[in-house]
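What follows is a set of notes on a single structure, which appears directly below.
The values are calculated or read from the model by the stated rules, or taken from the named source; none is laboratory data. What you see is a predicted model, and the numbers here were worked out from it, not measured in a lab. Here the Cβ positions follow ideal geometry from the backbone for every residue, glycine too, while neighbour counts run over all protein chains shown.
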Amino acid sequence: MKIELAYGKKGLEFEMPSQAKPVVIRKPPFVIPEDSNQIIREALENPIGVPPLETLASKASSACILISSACILICDITRPVPNGLFLRPLVEKLVEGGIALEHITVLVATGLHRPNLGDELREVVGDSWIIEKLKVENHDARDDEQHLNLGTTGKRGTPVLLDRRFVEADLKIATGLVEPHFMAGYSGGRKVIAPGVAHHTTIRTFHNARFMEDPLATSCNLEQNPLHEEQLEIVGMLQGPVLGLNTVIDEHRQLAYVSFGEIIESHLDAVNYVRGKVEIPVGRKFRTVVTSAAGYPLDKTYYQTVKGMVTPLDILEEGGRLIIASECSEGFGSDAFRNAQKSLVEQGPDSFLEGISRKPMADIDEWQTEMQLKPMRVGSVQLYTTGLNEDEKSITGVDSISSISQAISTSIAEQDSPDVAVIPEGPYLVPFVQSPM
């Protein structure tokens, strides 16, 4: 039996060993609209919780102040958001409302990731008209002058500094992809603002160990999730209309759903739509789980690969084995992440966690290393990759393998169980023993 995992741009096919009893876990089929442009138009014309976009673009509903500028946030290269489908219709609605093209900025919400430039930026935007007509710029979390201080959150005291281009815009729109997220419950909406266009002190505070070790900071959970709660409070500190355009795609990256409107309400609308597609009840645990890092663009680095390790943990037996495939076409990730991984390998998991638990602000990217500790606590992790060199493999903190088929055979023998769970799409769906819904 051959099975294909999401891996890079082309996928990775492997032969399931004959002694295995595989259970392949996929999303149920999506109903894909015949005309994606139509569902985008319908979403823009029927916003959730706010007046029509043209009205908002012509005056602020609360004070009848003329709107003069707009800032549209888009996700960076790590998310396969169909920006090329919706950006121009969105901009055209703003222009209809009286905002000049020269007063509209498209801002890539990089968080603490690297900027997207050149051909990569064109790929992210997906529409040459947007590139030619508008200012398209990258957020830089390390640029102190580019941020405005909005104070601190009330419950947990997170300093809130956001990119001034977004804060000062009269109309603020965050766009993105709604999918499971291993810390914030679901991506999209408020998350595109923070961490998307937040200062490094903001990001490093609500990515410290106090947040990351909270059991409610987990996949598909928004109830009392500390990251989600901080993000909602940060949104509430902004002045003027804050809108969200949220997309949902299927396993083949086809647009399935769009919601638009007030940022919190429209995000929850998309979450409610996608829950039944991505929260998959399996009914049992497995001693061998095979998964992926979701393929391109998410598996460009080992940094992003950690997401695929964390999301299937509910179905991994204590002491079981997790096998993950990730191309890592760009290698390891940032130098900061590399340093955190070196510390993990040198200190060991317990000492590493003890050291970071005392910090009010996490070091950049070490939270991803901390998240890797979660699967390591449950069982053993093995990595198949063609993108890392031997030095890089040595600081992953997990075992490297050269054959998925052989790794499965070995796991079946050592785990004394032929049952193998396979999740071809990786972290874009989350298997549970029982549905959390």
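Key figures
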quantity	calculated
Qualifying residues in segment 321-365 (those that are within 19 Å of the chain's Cα centre (by Cα) and of a type in the set (F, W, Y)) - the one nearest to S292 (Cα to Cα)	F332
Every residue from segment 201-246 that is part of a helix (DSSP H, G or I), over 28 Å from I40 (Cβ atoms), out of contact with any Asp or Glu (no Cβ under 9 Å at 6 or more places or on another chain) and of a type outside the set (S, T, N, Q)	I203, R210, E229, E230, E233
Pair list, Cβ under 6 Å, 6 or more apart: segment 345-364 residue assigned by TED's automatic domain parsing to the domain that holds A209, other residue crowded, with 16+ Cβ neighbours inside 10 Å and outside any helix (DSSP H, G or I)	none
Qualifying residues in segment 366-394 (those that are crowded, with 20+ Cβ neighbours inside 10 Å and over 22 Å from V289 (Cβ atoms)) - the one nearest to the chain's Cα centre (by Cα)	W367
Complete set of residues in segment 69-86 that are within 22 Å of G331 (Cα to Cα) and part of a strand (DSSP E or B)	C75
Residue within segment 404-417 that is within 24 Å of M183 (Cβ to Cβ), hydrophobic (A, V, I, L, M, F, W, C) and assigned by TED's automatic domain parsing to the domain that holds T311 present	no
S400, sole failed condition from (1) under 23 Å from T218 (Cα atoms); (2) without any contact (Cβ under 8 Å) to a residue 40 or more places away in the chain; (3) not in a helix (DSSP H, G or I)	(1)
Total residues in segment 215-232, condition among the aliphatic types (A, V, I, L, M) and surrounded by 19 or more Cβ atoms within 10 Å (Cβ to Cβ)	2
Matching residues, segment 307-332, being touching a Lys or Arg at 6+ places or on another chain (Cβ under 9 Å) and farther than 21 Å from E123 by Cβ	M309, V310, L313, D314, I315, L316, E317, E318, G319, G320, R321, F332
Any strands (runs of 3 or more DSSP E) falling wholly within segment 257-374 and containing at least 1 residues that are basic (K, R)	286-292, 316-325
Check on E327, of a type in the set (D, E) and crowded, with 24+ Cβ neighbours inside 10 Å	yes
The listed residue being surrounded by fewer than 17 Cβ atoms within 10 Å (Cβ to Cβ), closer than 23 Å to Y273 by Cβ and acidic (D, E), out of E34, E13	E34
Extreme residue, farthest from M16 (Cα to Cα), among residues of segment 252-299 that are buried (at least 19 other Cβ atoms within 10 Å of the Cβ) and of a type in the set (S, T, N, Q)	S266
Cβ-Cβ under 8 Å pairs, at least 6 apart or on other chains, segment 99-111 side within 14 Å of L162 (Cβ to Cβ) and touching a residue at least 40 places away in the same chain (Cβ under 8 Å), far side aromatic (F, W, Y) and assigned to a helix (DSSP H, G or I)	L107/F166
Wholly enclosed strands (runs of 3 or more DSSP E) of segment 117-186 bearing at least 3 residues of a type in the set (A, V, I, L, M) and in the same structural domain as G261 (by TED's automatic domain parsing)	159-163, 171-177
Some residue of segment 98-105 being in a strand (DSSP E or B) and touching a strand residue (DSSP E or B) at 6+ places or on another chain (Cβ under 9 Å)	yes
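So that you can scan it fast, the table gives a plain yes or no per residue for (1) over 21 Å from R190 (Cα atoms); (2) at pLDDT 95 or above:
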residue	(1), (2)
I48	no, yes
L56	no, no
I67	yes, no
D76	no, yes
N83	no, yes
E96	yes, no
V108	no, yes
